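Novice: What follows is a structure written as structure tokens; I'll ask about it next.
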Amino acid sequence: MRNIWLYGQFLRVAVLGKAQYKADFFVGIASVLVLNAVNLSLIGILVYNFDTLGNWGIWDLMFLYSFWMLSRGIYGVFFWHLSDLEEMIVSGNFDAYLVRPASPFLQFIGKEISYTGVGDFLVGVLGFLLAAAQLKLKWQAGEWVYFVICVLSGALIQMAVNWIGASLCFWTTRSHAAMSIVERFIVLMQQYPANIFGKYFQIFVTCFLPVAFINYYPSVVLLNKAEGGTSFWQYLSPVVSLVLLFVGALVWTRGVKRYAGTGN
């Protein structure tokens, strides 16, 4: 409970700090809205020319994209600054977290919030409402619960992948370049259904870099897109998020111990 209270206090300070720059808030959200409008336009042009992508129509793709935006928005607000870890280690500023009577991780993730994540989340809400109306979705309570859980799980998967990548800089000092490549891969992959890229690609994003569980598999389940019936592993987004968080915590803990032990 104390850690939760501390995290809340760190976030409170971060929000108050951001509130001093209201112009940045609106400019940041506006830029995110424009960027997503461009991405959706490109997807629309692609589907217009090819009618469908696999068995996914334009509104199916809108649902898929919106699902990702919802989870990315949550991730963006609270965890976007994970990539700052490299600079903090190089500059030595991370040392301050080691001498304070609080978890270094809570101090780090609580130091900042990103308002651009709000823009992503708003795009996700709008896109979901449009797609749900066009697809005439009529979900039962269980499907709504599954949807909410998977949105949160998708946010945690993105956080965990970036947490693991950022923590590697405890050993390598530099990890931003590798994180940028992974981030770009995730961005490109989440906009399209994984099955259109072939079997081996789908295996890769399911078993090795399991980002297909962010939005693809939940969308397959909720839109009944599974060919030959839904498999149990397509429901595993919450499990995958917990496994990745465990790996992230393990890598972070060992990295912090190594960093502190070297006298940096």
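The values are calculated or read from the model by the stated rules, or taken from the named source; none is laboratory data. All figures in this text were calculated on a predicted structure; none of them were measured in a lab. When we count neighbours, we look across all protein chains shown, and the Cβ atoms used for this are built from the backbone with ideal geometry, even at glycine.
Novice: In contact with a Pro (Cβ under 9 Å, 6 or more places away or on another chain) and free of Cβ contacts under 8 Å to residues at least 60 places away in the same chain - does that describe any residue in the range 248-259?
Specialist: No, the conditions are met nowhere in the range 248-259.
Novice: Return a yes/no flag: does the range 149-168 have any residue that is assigned to a helix (DSSP H, G or I) and loosely packed, with under 12 Cβ neighbours inside 10 Å.
Specialist: no
Novice: Looking only at the range 88-125, filter to residues that are more than 16 Å from the chain's Cα centre (by Cα) and among the hydroxyl-bearing types (S, T, Y); which one of those is surrounded by the fewest Cβ atoms within 10 Å (Cβ to Cβ)?
Specialist: The residue in question is S91.
Novice: Given the structure, is I196 in a helix (DSSP H, G or I), modelled with pLDDT under 95 and in contact with a helix residue (DSSP H, G or I) (Cβ under 8 Å, 6 or more places away or on another chain)?
Specialist: So I196 fails the test.
Novice: Follow-up question, since we're still on this one. Tell me, yes or no, whether the range 197-214 has at least one residue that is within 24 Å of F128 (Cα to Cα), in contact with a Leu (Cβ under 8 Å, 6 or more places away or on another chain) and surrounded by 12 or more Cβ atoms within 10 Å (Cβ to Cβ).
Specialist: Yes, that holds for at least one residue.
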